[in-house]
Structures are given as C-alpha cells and as structure tokens.
Amino acid sequence: MLKHILILPLLLSFFTIPFLKKKEVLPPGCVKIGENIYIDQTEVKNVDYREYLHWLKRKHGERSVEFQTMLPDTNLWVIFKAHKISYFRSGAYHYYPVVGVSYEQAVAYCKWRSDRVNEYFYLNENKLSFKVLDTLKIKNVPRIFEYRLPTRKEWEQVAKTDYDPKELKKIEKKKLETGQFFDPNRTKRSDVKVVIAKCGAFPPNALNVYEIFGNVAEMIDEKGIAKGGSWKHPKEECTVDKDFTYDIPNNWLGFRCACDKLGL
C-alpha cells in the first residue's frame, strides 16, 4: 500500500506538469528574438496594408484625411507602368511586400496593428463578440503587445543569424537562391515577379525569418535609414552593416514590424 502511495505523486507529476506549463502567447506573425521582444517572419504584405486601409475607410470614410494620407504611392512604378494599378491592388500580389509607404505611414500602421491585436486578445479572453468593437474604447483594452519598427540592433541581430544546418545543406545541395537581388542579366523587366518576390519565397534563417536580405529594403526606427538591400541592389551591397538611405517612398523600400510584449 505504501509503495502505491509513493508512486502516485510521481505519476501525477509526470502527467500534469506538461499541462500546467502555460504555452507562450506570441504576437501574431512574429518569432521571438529576445526577452519579450519579437519580429515579423516576413515583410508587411500588400494584403496586410490593405486591411489597414479598409479599416480606415470604414471608420473615417473614403474621402477622409485619415484614409487619404495613408494611401501608398503607386506612381513610383515608372518603368513598370502596368504595376501602378496591379501591384498594390491586384489579388495576384496579395502576399508580396508592400512598397510606396513612407516612414510616417509605417509607424501609423504599427500603432493600428497594436490596437487591433490587443482588441483581438481582449475579446478572445473575455469571450466577447466582435460586434462589441463598434462600442469598445481602445483605452479600456489592456496593452499586451506593442508593434513598432525594429531598432538597428534588433534588425542586425536577426540579420546575423545564420541558416539552420539542415536548411543550409538543402540550399547548397539544390543551389537555391537566398534572396532577390539586382541581376544585370535580367531581360524580363516588365514582369514584377522578376524584381520583387512573394514573401516567404526564399529559405528562412534559423529564427524562421524570411528575406532579411534582398527583396525589399526594410525601414528601421531611425527615419531615413533602411537595412538589408533590395531587388534594386547587387547582392554584394546587401550586408549587415550597410545602411540604405531614403527620403521618400520607393518601389524598393518596405518594412517589417518588431513587437514588445508588455504583459498578460
């Protein structure tokens, strides 16, 4: 009898400990890079930014300042004239990185995303209907996650992360490309797929972060500074330490968000 009494606590601990361990709640779209610090797996996509615009349009109206000032600049497709309309608006480019966005627009998107994600967790935690959003005041919603542009240190930390050994072996064996960079031998300049790739098209690094180099350069929290290079830059220029400067939106410039976990 005593033997069974001694074994019972061991059995209970064996079966209950995994269930007692609370699963970490990650901010949507992100991977962890530090203590309560996260970063997007991919650059912010056209479909993500269009969701932002749809929300602004619904809340403030199509002719409102709030909506109009957040529209990306589609006139920057000088060479690829067809993409003035299709790249941002067409469903064919849903999952391509958004471009033509200014620093101020990117910062505003981060704030909006923070509000919506915190609302989602609040509704989910309290088992409330999304209809509540029409009357819910954001100041009453607990701040769990705060999205923002990454710092230089955070971006460079992610960029210095190598590929997982298995992934690296696959890259070397199949001679896979690891990013979309400028290639002077390209001839099909009318096809945007040749210059900008779909988010997640290339192998991720060991943090499971995609296209940290190439595709589109990424804004950091220092206004006017972007990192990682793009389809318009030679691969040799796309290094961890290299800064790319900008003063207006460009067709080679996008962004990904970082996120702070404030508490649960």
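With Cβ to Cβ distances under 10 Å as the rule, what net charge do the other residues near Asn215 carry (K, R +1; D, E -1)?
Here the count lands on -2.
Does a label point 7 Å from the Cα of Gln68, set along Cα-to-beta-carbon, have any residues of the stretch 23-60 with amide nitrogen under 19 Å, and which are they?
Residues passing the 19 Å test: 53-60.
For the stretch 86-95, in order, what is each residue's ³J(HN,Hα) by Karplus, 6.51 cos²θ - 1.76 cosθ + 1.60 with θ = phi - 60°, in whole Hz (x at glycine and Pro)?
With the stated coefficients, the stretch 86-95 comes to 6, 4, 7, 8, 6, x, 5, 10, 3, 9 Hz.
Would you be so kind as to identify all helices of the chain, as entire DSSP H runs, whose Cα atoms reach 24 Å or more along the helix's own axis and whose mean Kyte-Doolittle hydropathy is at least 0.0?
2-20
With springs connecting C-alpha atoms under 10 Å apart, model the chain as a Gaussian network and identify which of Asn185, Asn208, Asn124 has the largest mean-square fluctuation.
Asn185
List, in the order given, every pair from Lys45/Lys111; Lys84/Lys198; Lys45/Lys227; Lys32/Lys198; Lys198/Lys235 whose Cα-Cα distance in the structure shown is over 21 Å.
Beyond 21 Å between Cα atoms: Lys32/Lys198.
Evaluate the relative contact order of the chain (contact order divided by residue number), counting alpha-carbon pairs under 8 angstrom at least 6 apart; express in whole percent.
Relative contact order for the chain comes out at 26 percent.
In Å², and per residue, what accessible area does the chain have when probed at 1.4 Å with the other protein chains present?
Per residue, the chain has an accessible area of 59 Å².
Report the local net charge at Ile33: Lys and Arg +1, Asp and Glu -1, summed over other residues whose C-beta lies under 14 Å from its C-beta.
Counting the neighbours of Ile33, the net charge comes to +1.
For the chain, what is the mean residue ellipticity at 222 nm derived from helices alone (per DSSP H run of n ≥ 4: -39500 (n - 2.57); sum divided by total residues; nearest 500 deg cm²/dmol)?
My calculation for the chain gives -10500 deg cm²/dmol from helical runs alone.
Of the trypsin sites (Lys or Arg not before Pro) in the stretch 90-160, which ones lie in a loop per DSSP and count no more than 14 other C-beta atoms within 10 Å?
Here the sparse-neighbourhood loop sites are Lys127, Lys137, Arg143, Lys160.
State the percentage of accessible surface on the stretch 111-179 attributable to carbon and sulfur atoms; use a 1.4 Å probe and exclude ligands, DNA and RNA.
The C+S portion of the solvent-accessible surface of the stretch 111-179 is 53 percent.
List the relative contact order of the stretch 48-188 as a percent without decimals, with contacts defined as Cα pairs under 8 Å and 6+ residues apart.
Computed value for the stretch 48-188: 17 percent relative contact order.
Extension gain Glu125-Glu35, at 0.36 nm per residue separation less the Cα-Cα distance, in nm?
Result for the pair: 30.1 nm of gain on full extension.
The values are calculated or read from the model by the stated rules, or taken from the named source; none is laboratory data. The structure displayed is predicted, hence computed values, not measured ones. Cβ coordinates were reconstructed from backbone atoms using ideal geometry, including for glycine residues, and neighbour counts include every protein chain displayed. The area values use the complete protein model at the heavy-atom level, side chains included, leaving out ligands, DNA and RNA. Shrake-Rupley method; radii C 1.70, N 1.55, O 1.52, S 1.80 Å.
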